[in-house]
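The values are calculated or read from the model by the stated rules, or taken from the named source; none is laboratory data. Just so you know, these numbers come straight off a predicted model, no measurement behind them. Every residue, glycine among them, receives a Cβ derived from its backbone with ideal geometry; neighbour counts consider all protein chains shown.
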Amino acid sequence: MERLNKKEKLLSILFGLAAIINLTVGVYSLILQGLDWLEFISCLAISLIILAGSLNPKLFFKPVKKLFSPRFTLEPIINSTVYYTIIVAGWILLFGSILLNRFWSA
């Protein structure tokens, strides 16, 4: 793993703060304002996806042509297994909450 430059550090911090703020607002709404559980799951999923963005800041500064090349690899700042687990959990929760909102709620 290479070191991060200032832009990448700033992006990582901002995305991390956005994920924390989103999750905090979701928990606040769930506890004090009676948010539906399905909506909270959506909020949790979005927070995980934003967190995944903060854990791979180099992705946002690569040229698009390089992103779609066959030799492209992700360079997360944490263990890649944990990184992929966060991404997959976020997407599964998001699609699950969309399906539950579509078919479960009246």
Leading residue by the ranking (modelled with the lowest pLDDT) among those in region 27-73 that are exposed (fewer than 15 other Cβ atoms within 10 Å of the Cβ) and aromatic (Phe, Trp, Tyr): Phe72
Answer from Phe95, Phe60 - the residue that is in contact (Cβ under 8 Å) with a residue 12 or more places away in the chain and of a type in the set (Phe, Trp, Tyr): Phe60
Residues that are more than 16 Å from the chain's Cα centre (by Cα) and within 15 Å of Ile78 (Cβ to Cβ), drawn from region 9-28: Lys9
